[in-house]
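S.K.: Please find one structure pasted underneath; my questions will follow.
Only the coordinates and a few stated rules stand behind these numbers; no lab work does. Since the structure is predicted, the reported quantities are computational estimates derived from the model, not experimental observations. Ideal geometry is used to build each Cβ from the backbone, glycine not excepted, and the neighbour counts take in all protein chains shown.
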Amino acid sequence: MSMNNLSWVPFEPKMQNRFLFFIDPAGPPSYLVRTAQRPTFTMDPVVVDYVNIQRKFKGKATWQNITVTLYDPVTPIGAAAVHAWVQNHHHNPQTGKEGYAMDYKRDLRFNAIGADGEVLEEWRLAGCWIVSVSYGDFDWSTSDPVEISLELAYDYAILEVSGPDNDAAQGGSNTKTNLGGDAGSRTSAPRIGQ
């Protein structure tokens with residue numbers, strides 16, 4: 001790299017606090033979500049032994065679970081929304097009934113937004129379901145808000161970006177991949193303040 005390429009090039013970084021997280025079709029409101037992990041995955045290595053050497057190939061891709069933290073306000077009660085998802089679709093502790101995948105799995109949207117509230121990128125997590133729930137703690141020695149922690153599993157994630165500058169990142173096409181409907185029928189997330 002020459003010294004001519006070391007000059008500062010202006011850019012606008014994404015900010016961690018500018019995001020919206022949606023659980024479809026029903027779930028805790030997006031404004032209750034305080035933290036959310038972006039998707040991560042690993043490729044399983046396949047090792048083939050050959051005489052004195054090893055050759056490595058790509059195996060299956062595994063998408064790692066994510067953790068989402070919610071506020072639990074007086075109204076609407078976040079714990080009630082989470083428990084309704086668990087009781088109605090995952091496991092009902094009163095009846096012992098379990099749900100089918102078509103009932104308990106949800107497609108989630110995770111939007112990074114800019115300073116003006118416009119969506120910069122959208123992660124779509126397909127087939128999400130609750131692995132574990134922690135409804136938080138009460139403590140007389142603190143005045144911190146009560147929070148709920150969810151561990152979510154999902155089948156896979158797709159990153160959607162918009163604009164001509166991101167054409168190359170999308171494989172040369174601006175066509176958006178949409179899980180569960182027409183790309184043209186999907187409504188964008190509202191701006192902040194709307």
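S.K.: Could you give the length gained by full extension between T69 and D116, i.e. 0.36 nm per residue of separation minus their alpha carbon distance, to one decimal place?
M.R.: Answer, rounded to one decimal: 14.5 nm.
S.K.: Give the Kirkwood hydrodynamic radius (Å, one decimal) of region 1-92, defined as one over the mean of 1/r across all pairs of different Cα atoms.
M.R.: About 18.3 Å, per the Kirkwood formula over Cα pairs.
S.K.: Which length gain, in nm to one decimal place, applies between Y156 and M102 when the Cα-Cα distance is subtracted from 0.36 nm times their residue separation?
M.R.: 17.8 nm
S.K.: Please compute the alpha carbon radius of gyration of region 60-156, then divide it by the globular-protein estimate 2.2 N^0.38 Å. Two decimals is fine.
M.R.: Ratio of Rg to 2.2 N^0.38 Å for region 60-156: 1.27.
S.K.: Order the peptides 103-115, 35-47, 65-77 from the highest to the lowest mean number of other Cβ atoms within 10 Å of their residues.
M.R.: Descending packing order for the listed peptides: 103-115, 65-77, 35-47.
S.K.: Could you pull out every one of the lysines with an alpha carbon less than 29 Å from that of K14, ignoring same-chain neighbours closer than 8 positions?
M.R.: Counting by Cα, and skipping residues close in sequence, K14 has these lysines nearby: K176.
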